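This structure is in structure tokens; I'll ask about it shortly.
The values are calculated or read from the model by the stated rules, or taken from the named source; none is laboratory data. If you're wondering where the values come from, they're calculated on a predicted model, not measured in any experiment. Positions of Cβ are backbone-derived with ideal geometry, glycine not excepted, and every protein chain shown enters the neighbour counts. For accessibility, only protein heavy atoms count, side chains too; no ligands or nucleic acids. Shrake-Rupley method; radii C 1.70, N 1.55, O 1.52, S 1.80 Å.
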Amino acid sequence: MSAAIITLVLLVISNVFMTFAWYGHLKLSSSGISANWPLYAIILLSWGIALLEYCFQVPANRMGYEGNGGPFSLIQLKVIQEVITLVVFVLFSLWAFEGFAIRWNHILAFFLLIAAVYLVFMK
């Protein structure tokens, strides 16, 4: 498998963990599971999940970065990662949070991000 594909897969996995670390506790709280947990317990849970995120994010960046023989420049890696982050976040929010809806401005913002990806890959 190519370094580009492996990098993208690792970034997607990383962002799934990141989304759960950053926003999963909100779902746990609203469902009553962690509603009475102290803040430090939520922080420790999120840090534990974020550690898993880093276990995928760091290798993705090392493998994908052209300075290490990968196919992507630093800015390309960052823009790709941001697009993946937003796609994972939207899918997670649609699944986990009742009442979350995508509006026209969200769709426009997504297309502008796609334009950003296009622009960073231009020579």
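How many residues does the range 46-99 hold that are open to solvent by 70 Å² or more (accessible area, probe 1.4 Å) and in contact with a Pro (Cβ under 8 Å, 6 or more places away or on another chain)?
Counting residues in the range 46-99 that are open to solvent by 70 Å² or more (accessible area, probe 1.4 Å) and in contact with a Pro (Cβ under 8 Å, 6 or more places away or on another chain) gives 0.
Answer with yes or no whether Ser46 is polar (S, T, N, Q) and not in a helix (DSSP H, G or I).
Values: polar (S, T, N, Q): yes; not in a helix (DSSP H, G or I): no.
No; evaluated as a whole, the condition is false for this residue.
Being in a loop (DSSP other than H, G, I, E, B) and either open to solvent by 80 Å² or more (accessible area, probe 1.4 Å) or hydrophobic (A, V, I, L, M, F, W, C) (or both) is the filter here, so list the residues in the range 15-37 that pass it. Even if it seems obvious, please write down each step before you answer.
First, pick out the residues of the range 15-37 that are in a loop (DSSP other than H, G, I, E, B): 31-37.
Hits for the range 15-37 are Ile33, Ala35, Asn36, Trp37.
Also: Ala21 passes all but one of (1) under 16 Å from Val117 (Cβ atoms); (2) at pLDDT below 95; (3) touching a helix residue (DSSP H, G or I) at 6+ places or on another chain (Cβ under 6 Å); which number fails?
(1)
Turning to a different aspect of this structure: Quick one: in the range 71-101, which of the residues that are modelled with pLDDT of 90 or more and in a loop (DSSP other than H, G, I, E, B) is nearest to Leu10 (Cα to Cα)?
Only one residue tops the list, namely Pro71.
Taking only the range 71-108 into account, find how many residues are among the small types (Gly, Ala, Ser) and in contact (Cβ under 8 Å) with a residue 12 or more places away in the chain.
Restricting attention to the range 71-108, the residues satisfying the condition of being among the small types (Gly, Ala, Ser) are 73, 93, 96, 99, 101.
Retained after the next criterion (residues that are in contact (Cβ under 8 Å) with a residue 12 or more places away in the chain): 73, 93, 96.
Number of matching residues: 3.
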